[in-house]
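These notes are about the structure you will find just below.
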Amino acid sequence: MKLGLYSITYLGLWYRGEALPLPAMITRAKQYGYDGIEIVGKRPHGNPLDWPTTRCRELRSIADGEGIDIFAVAANNDFSNPVPEVREAQICCVRDLVRMTADLGAPTLRVFLAWWGVTRHPQLASYDIAKRLWTVVLEAFPPEEIWSWCREALVECARYAEDAGVTLALQNHRPVIHDHQDVLRMVREVDSPSLKVCLDAPLMPDRSTDAIYQAARDVGPLQALSHFGGEFGRRPDGTMRGFDVFDGKVRGDTNQYYRDFVRAMQVIGYGGYLSYELCHNLPVVDGQTVDISYAHQQAQLAAEFMRDLIASADPLSASPTTFGRPA
C-alpha cells in the first residue's frame, strides 16, 4: 500500500490561518515521505470552476517533477436534497469534478451519497450547524425515498465517470450510509464498472478485529481508496501512538484497529492508497485555535505512524476464523 496526503489537512478550515497552496503541499508531501496527494474538491484547493484543463496539467507537471502522484480528487457532494434543482446542481458539480480528475491524470474521484457540509468561521469550523439543517430538511421524507434520489444521481455521475475513464469511489460516510453493507448495496444497484468502494476504518460503526476483516472480505476487489485520520504523538520510549478523534473528542487509541485494517487490506490484495486527513476540530491554546504548524506536525507524524504500521503488519496473523483458515 501507498501513503497519501489529503489536502483537506491544509485547507485552512480546521486550523487558524490560510490554506496551503497545492504546489507547497506537494513539497510537504515529498518532505514527509508521502507517495501522493488527494485534492479536496472545494475552494480554495480544488473547485473545478478554478481548474481549467491547462491549470490541471500545470499542477500535474509540478507533482511529476517532485515524484509525487496525484491519485485522487474528493467530492463533497450531497445527492440527498429533496429539491430537484439542488440535486441537479450537485450532479453538475460532480460531472465537472470528473473532468478535473481526468485532466489531473488522477484515476479516482471519491464521492458521498449525502453530506452535511461544514460552516466556516475565522476561529472555528463546525459540522454542528450543517448537521442540524440537514436533519430539518430531510425529516419529512422516508429513508428509501432519500436513497432513491441518491441512486439516480449516482447512476448519472457513473456514466460521466465511465466516459472520462475515471473511477468513482463511494465512501462509507454518514449520514445516508451507515456501514459498508450500505455502500455495497448502492454499488450493486448502480451496477456500473466505474463505481467502486472507499472503505475507511474510522467510519466503521464496529471496529473490532473480526468486523474489520469481515468488511474487507465483503468489499474485496472493489476497494479503490481508503483514508485514515486522528492525531499522533510519541510515547516516552519514542514509539508512535495514534489518537482517534471524532466530533472533536478523543475516543481512544487507533493503533489496534489500524493494524487490523492494514492487515485486512493486505489479505485482500489491496495495493492502493491510504490517505491521511486532518479533518476535525483542533486544540485551542491560550484562547486561539492552533495554526498551520500543528497541521505540519500531524502530517509528518501520521506518515511515520502509518509507514511503520504497514512495514510491520503481517497479513498471516489475520484472524483465522474470519477468512476460513484453520486456527
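Every read-out reported here was derived from the displayed coordinates using simple, explicitly stated rules and does not represent laboratory data. Please read these numbers as outputs of a predicted model, since none were measured by experiment. Ideal geometry is used to build each Cβ from the backbone, glycine not excepted, and the neighbour counts take in all protein chains shown.
For the chain, the residue among Tyr273, Pro221, Thr167 whose Cα projects farthest onto the positive side of the dipole built from Cβ charges is Tyr273. Nearest 500 deg cm²/dmol is fine: what mean residue ellipticity at 222 nm does the chain get from its DSSP H runs of n ≥ 4 alone, each adding -39,500 (n - 2.57), divided by its residue count? The helix contribution divided over the chain gives -13500 deg cm²/dmol.
Could the peptides 9-20, 301-312, 141-152 be put in order, highest first, of the mean number of other beta-carbon atoms found within 10 Å of their residues?
Details: 9-20: 20.4, 301-312: 18.0, 141-152: 14.6.
Going by the mean number of other Cβ atoms within 10 Å, highest first, we get 9-20, 301-312, 141-152.
The residues neighbouring Arg95, those whose beta-carbon lies less than 11 Å from its own, together hold a net charge of -2 under the Lys/Arg +1, Asp/Glu -1 convention. The simple Förster model, with R0 at 30 Å and r as the Cβ-Cβ distance, assigns Glu66 and Arg235 a FRET efficiency of 0.40.
Assuming charge only on the beta carbon of Lys and Arg (+1) and of Asp and Glu (-1), the dipole of segment 84-169 about its Cα centre is about 340 debye to the nearest 20. Among rounded, prolate and oblate, which fits the chain when a ≥ b ≥ c are the square roots of the eigenvalues of its C-alpha gyration tensor, a/c under 1.5 means rounded, and a/b larger than b/c means prolate? Note, shape of the chain comes out rounded. Under the convention that each Lys and Arg Cβ holds +1 and each Asp and Glu Cβ holds -1, the size of the dipole of the chain around its Cα centre is about 420 debye. Figure legend: label point modelled 7 angstrom from the Cα of Glu152 along Cα→Cβ; no residues of segment 177-200 have amide N under 12 Å from it. For Thr135 and Ala89, the difference between the fully extended length at 0.36 nm per residue and the C-alpha to C-alpha distance is 14.6 nm. Note on segment 68-220: with charges restricted to the Cβ of Lys and Arg (+1) and Asp and Glu (-1), its dipole about the Cα centre is near 300 debye.
Contact order, relative form, for segment 4-79: 35 percent (alpha carbon pairs under 8 Å, 6 or more residues apart, mean separation divided by residue count).
The separation of segment 204-226 from segment 128-178, counted between C-alpha centres, amounts to 21 Å.
Near Pro48, once Lys and Arg are set to +1 and Asp and Glu to -1 for all other residues with Cβ below 12 Å from its Cβ, the sum equals +2.
Taking the square roots of 5 times each eigenvalue of the Cα gyration tensor of segment 103-180, largest first, gives ellipsoid semi-axes of 26, 19, 10 Å. The packing ranking of peptides 25-32, 37-44, 113-120, highest mean first, is 37-44, 25-32, 113-120, where packing means the average number of other beta carbon atoms within 10 angstrom of each residue. For segment 145-296, treating each Cα as an identical point scatterer without solvent, what Debye log10 I(q)/I(0) comes out at q = 0.10, 0.17 1/Å? Taken in order of the listed q values, log10 I(q)/I(0) reads -0.43, -1.04. Packing, taken as the mean count of other beta carbons within 10 Å per residue, orders the peptides 94-101, 176-183 from highest to lowest as 94-101, 176-183. Taking amide H positions as modeled 1.01 Å from N, with prolines and chain starts lacking one, the residues under 5 Å from Leu278 and 5 or more places away or on another chain are Thr9.
Placing unit charges on the Cβ atoms of the charged side chains and taking the dipole of the chain about its Cα centre, the candidate lying farthest along the positive direction among Leu20, Thr239, Met100 is Thr239.
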